[in-house]
Amino acid sequence: MRSPVVVALAAALACSAVSAAPAYAAERRPATMLLTSLPVTPEITAGYEREAFADWRDADGDGCDTRQEVLIAERLSGRVVNCDVRGGRWLSTYDGVRTADAGSFDIDHRVPLAEAWASGARRWTAATRDAFANDLGYAASLIAVTMATNRGKQDSEPDEWMPPAASQRCGYVKLWIGVKYRWRLAVDAQERSFLTRQLSQCSPLMRVPRLANVRTRPNAVRPAG
């Protein structure tokens, strides 16, 4: 039997589908509702390789790859010339660092690729994994941050790494949940427990992302539970 929370969330999303904005399925819902809608399964890390996910690519054929698209979208100032930002400035929200040197910033996968693999992406088709790695349809999926924070985070879950700026932590866990919800990824028991505790310290609502088009391989094995 489906839980009342999952049924309520599905109904809310169905009602809002017609008028949805491009990136969102509904305006705002409790973050705990999204979290409890995620399947809870042990992570399976076996078989992960970075090559299982695509590098940056030009998804819309405009000549700009995903890294360039994120830098363009997140710039605080500057003009765009042939996919480059001239005179640009950026803010790394993880740690509050500002820069005029785009080369000093990395593009972070909010939910790391290894984490996605362990949480369900191992069952996806190659095309779905490529789409996840280059997801420009939900602004929370990819974010420009300092190299230090990106490389400090690596493949960590929120219980292992959180943004140094305390003011960013509620937003971070909500958007982590948002990415997992969008791509129907699972959480493990420890991860869910930590996220639940963090959300108890945050404002309740968050914007609900539209679901991505996820396809699984026909011979993919689903773990029990």
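Go through (1) surrounded by 15 or more Cβ atoms within 10 Å (Cβ to Cβ); (2) over 29 Å from residue 214 (Cα atoms); (3) of a type in the set (Gly, Ala, Ser) and name the single condition residue 120 misses. With (1) surrounded by 15 or more Cβ atoms within 10 Å (Cβ to Cβ); (2) over 29 Å from residue 214 (Cα atoms); (3) of a type in the set (Gly, Ala, Ser) applied to residue 120, the lone miss is (2). Quick one: in segment 79-113, which of the residues that are under 21 Å from residue 158 (Cβ atoms) and hydroxyl-bearing (Ser, Thr, Tyr) is surrounded by the fewest Cβ atoms within 10 Å (Cβ to Cβ)? Selected residue: 93.
Looking across segment 166-187 at every residue that is among the aliphatic types (A, V, I, L, M) and over 11 Å from the mean Cα position of the chain (by Cα), the one that is farthest from residue 36 (Cα to Cα) is identified as 166. Do the conditions hold for residue 130, that is, is it of a type outside the set (A, V, I, L, M, F, W, C) and in a loop (DSSP other than H, G, I, E, B)? So residue 130 does not fit the description; no. Against the test of being under 19 Å from the mean Cα position of the chain (by Cα), at pLDDT below 95 and assigned to a loop (DSSP other than H, G, I, E, B), the options 59, 26 yield a single qualifying residue, 59. Which residues, taken from segment 54-70, are in contact (Cβ under 8 Å) with a residue 60 or more places away in the chain and touching a strand residue (DSSP E or B) at 6+ places or on another chain (Cβ under 9 Å)? Hits for segment 54-70 are 56, 66, 69, 70. Going residue by residue through segment 168-175, is there one that turns out to be outside any helix (DSSP H, G or I), touching a residue at least 40 places away in the same chain (Cβ under 8 Å), of a type outside the set (Asp, Glu) and surrounded by 15 or more Cβ atoms within 10 Å (Cβ to Cβ)? No. Output yes when any residue across segment 185-198 is modelled with pLDDT of 95 or more and under 20 Å from residue 73 (Cβ atoms), and no when none is. Among the residues of segment 185-198, not one is modelled with pLDDT of 95 or more and under 20 Å from residue 73 (Cβ atoms), which makes the answer no.
Screening segment 94-125 for residues that are in a strand (DSSP E or B) and of a type outside the set (Lys, Arg) and picking the one that is nearest to residue 45 (Cα to Cα) gives 124. From the list 165, 114, the one residue that fits, being modelled with pLDDT under 95 and touching a Phe, Trp or Tyr at 6+ places or on another chain (Cβ under 8 Å), is 165. Return a yes/no flag: does segment 144-151 have any residue that is hydrophobic (A, V, I, L, M, F, W, C) and farther than 17 Å from residue 106 by Cβ. Checking segment 144-151: not a single residue is hydrophobic (A, V, I, L, M, F, W, C) and farther than 17 Å from residue 106 by Cβ.
The values are calculated or read from the model by the stated rules, or taken from the named source; none is laboratory data. Since the structure is predicted, the reported quantities are computational estimates derived from the model, not experimental observations. Note that we place each Cβ from the backbone using ideal geometry, even for glycine, and neighbour counts take in every protein chain shown.
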